Amino acid sequence: MRPACWTCRKRTIQCDRSDNPCSKCKKAGLECFETRPLRWVKGVAIRGKMRGHALEENYKVANRKTHLKLNPESISPCVQKSLALTRPPPFALQDPSTKGLDWSSRFYLDYYNIRIAKLFILYDSPSNPFRSLLAYAVDNPTLEMSIMAVAARHFANSARSFNQTDDTLSPRFINANVDALHFKKRAIKTLSSSLSQPELLQKDAIMATILLLIFLDILESGIDGWKCHLHGAEGLVRISQSMLLPDANQISTSDSGGTVEGMRRFVARQFSLVSTIGGALSSSKSTLQSCINLDEDKYQESIFRSFLGCPAFLLQAIRYFSDQRHAIQTSRMHDNAFIQERIRETQNMLHLTADFDCVEWASNSLQLKDLQTVDIEKLSLLSESYRTTTLVYGNQVLSALMTSTGTVTPDYHGLVRQLLDVIDALKCEDALFKCLLWPTFIAGLECQNESERQQVMRYLKRLWDLTCCLNLISASTILQGHWRQKNIDTNSVPDFIGQGWLLV
C-alpha cells in the first residue's frame with residue numbers, strides 16, 4: 001500500500017492510499033502529490049528584499065542564462081502542473097556530465113524527463129524507452145540537441161490555447177520558441193555532420209535522433225516534414241541493416257529495453273508505426289517497413305513500451321487498406337475483373353478485422369504483475385477504438401473501389417457512431433485518451449451532422465490540453481475545411497490523395 005499522499009495530509013484528512021491519484025483527491029478534483037510539491041511564489045524570492053519582485057522589468061530576449069527564470073504564476077496551468085516534481089531529483093541534477101550545460105539547457109533536459117518522456121508512451125514506467133534516450137544523449141550532442149528541441153517546442157506550445165486565432169504569445173515564452181528553432185538547427189547540423197562519417201557507435205544515436213525529429217514535427221504541425229526524416233531513415237537502413245535489425249543471437253525475448261538491441265527494436269517499431277499511420281493519409285507510401293523484418297510473434301512488444309497501444313494485427317490491416325487505396329489510381333487502367341478481385345480481398349480483410357478480439361488481445365498483452373497498474377477493460381476499449389477506426393478506414397477504401405465500378409457503396413455511418421461512443425468512454429482516461437488523435441480524425445471525416453462535428457472538436461480540444469501538439473491544430477483545420485466542402489457537396493468523399501498528415 002502506498003504512503004498517504006501529501007495533499008490529504010495537507011488537508012488534514014485520512015488518505016485511503018488506494019492509488020495515484022487517491023480516490024479522495026480524485027473526488028475533490030485536486031492534484032494528488034506523493035510529496036510536497038515545489039512552492040511557486042510571486043517574484044524571485046520567498047523572503048527578504050527581493051520578495052514580490054519579478055524579473056519582468058529586466059527581462060531581455062538576449063539574456064539566455066536567465067530568460068527561463070520565470071514567475072511561475074504566469075505559466076499556463078498545464079505547464080505549472082507538469083513542473084510540479086513528484087519524481088526523484090531530475091535527470092540534469094543527478095548526472096555530473098550535465099554540469100557544463102547552461103541553465104536553460106538543463107531546464108529542457110529536465111522538462112523532457114518529466115513531461116515529454118511520458119507524453120510519447122502509452123504507460124509511463126521505469127523502462128520508458130523515451131526516458132532511456134537521456135542516457136544515450138549524455139555522450140551524443142546530436143541526440144542531446146534533438147531532445148532539447150522537442151522539450152523547448154512543447155514548452156512554447158503550452159503558451160497558446162486550442163482556439164487561439166493569432167500568433168500572440170506571452171513574452172515569457174518567446175525565447176522558448178527561439179530556443180526550439182536554435183536547438184533544431186544545431187541538431188540537424190550535427191546530424192548532417194554525423195551522416196557524412198557514420199561511425200558504428202553513432203548509428204543507434206542517429207536513428208534515435210531521426211525518430212525525435214519526427215516527433216518534433218508532430219509538435220510543430222504534423223504535415224509533410226516527418227516524411228523527409230522517414231525517407232532519410234529508410235536510406236540509412238538500406239545502407240546498413242544492422243542499424244535497426246537486432247542480432248538474433250544476442251536478443252532476449254523479454255524486450256526489456258535494457259540492451260542496445262531492445263532500443264533498436266523499439267525505434268524500428270516507431271518508424272514502422274509512423275510509416276503506417278502517416279502513409280494511410282499520404283499520397284506517397286514509404287517502403288520503410290520492407291526494410292524492417294521484426295518477428296512480432298517472437299518479439300512481442302510490451303504494452304509499457306507502446307506508443308499508441310494499437311495492436312500489431314490492426315496496424316497490418318491499416319497497412320493493407322492503405323496499399324489498396326494507393327492502387328486505386330492505377331486500378332482504373334485494368335479491367336473490371338481486376339477491380340472486383342480487389343473489392344473481394346478488401347471485404348475479406350474487413351471481415352478479419354471485425355473478428356479481431358480486443359478483450360483477448362488486452363488480456364494477452366499483460367503479465368500478472370501488470371494487473372495492479374493496468375485496467376484490462378479500459379485497455380480493451382483502446383484497442384476497440386483502433387479496431388473500429390480500421391473498419392471505418394477500410395470501408396472508406398472499399399467505397400472508393402466500388403465507386404470506380406459504379407457499384408452502390410455500403411452505409412457504414414453506424415460504425416462512425418460506434419467509434420465516437422468508444423472515444424467518449426475513454427475521455428477521462430488521460431493515458432489512453434492521448435493516443436486517440438487518429439481515431440478521432442477518421443471519425444471526424446465521416447461526421448454527418450453538426451452535433452457529431454462539435455463532439456469531435458471537443459475531443460480535439462481535450463487532446464490539445466493533454467499533449468500541446470500542433471498537429472491537433474492541423475487536424476482541426478483540415479476537418480473544418482472538409483466539413484465546409486461537405487456542406488457544399490453532400491456526396492463528396494474524404495480526399496486523402498496528395499496530403500502528408502501524421503496525426504498521432
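Throughout, read-outs are computed from the coordinates displayed, never taken from laboratory work. Keep in mind the model is a prediction, meaning the values are calculated, not measured. Glycine gets a Cβ as well: all are built from the backbone with ideal geometry, and neighbour counts include every protein chain shown.
The table that follows gives values for the structure above.
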{"read-out": "Three-way shape label, region 381-457, alpha-carbon gyration tensor, a/c 1.5", "value": "prolate"}
{"read-out": "Using θ = phi - 60° and Karplus 6.51 cos²θ - 1.76 cosθ + 1.60, couplings along region 271-281 (whole Hz; Gly, Pro as x)", "value": "4, 5, 5, 4, 4, 6, 5, x, x, 5, 10"}
{"read-out": "Highest to lowest packing among 137-148, 456-467, 385-396, scored as the average C-beta count within 10 Å", "value": "385-396, 137-148, 456-467"}
{"read-out": "Length released on extending from N348 to R2, taking residue separation times 0.36 nm less the Cα-Cα span", "value": "119.6 nm"}
{"read-out": "Interchain or long-range residues, amide H under 5 Å from G500's placed H", "value": "D224"}
{"read-out": "Q340-E450 pseudo-label distance in nm [points 7 Å out on the Cα-to-Cβ vector]", "value": "4.6 nm"}
{"read-out": "Potential extension, W103-V138 segment - 0.36 nm per residue separation minus Cα distance", "value": "11.0 nm"}
{"read-out": "Residues of region 124-149 with amide N under 19 Å of a point placed 7 Å along Cα→Cβ from Q372", "value": "124-128"}
{"read-out": "Per-residue ³J(HN,Hα) for region 408-414, Karplus 6.51 cos²θ - 1.76 cosθ + 1.60, θ = phi - 60°, Hz, x for Gly and Pro", "value": "5, 8, x, 8, 10, 5, x"}
{"read-out": "Potential lengthening between H413 and S23 on full extension [0.36 nm per residue; Cα-Cα distance subtracted]", "value": "136.6 nm"}
{"read-out": "HN-Hα J in Hz across region 433-448 - Karplus 6.51, -1.76, 1.60, θ = phi - 60°, x for Gly and Pro", "value": "5, 5, 8, 9, 5, 4, x, 5, 5, 4, 5, x, 4, 10, 4, 10"}
{"read-out": "Label-point separation, L30 to T12 (7 Å along Cα→Cβ), nm", "value": "1.2 nm"}
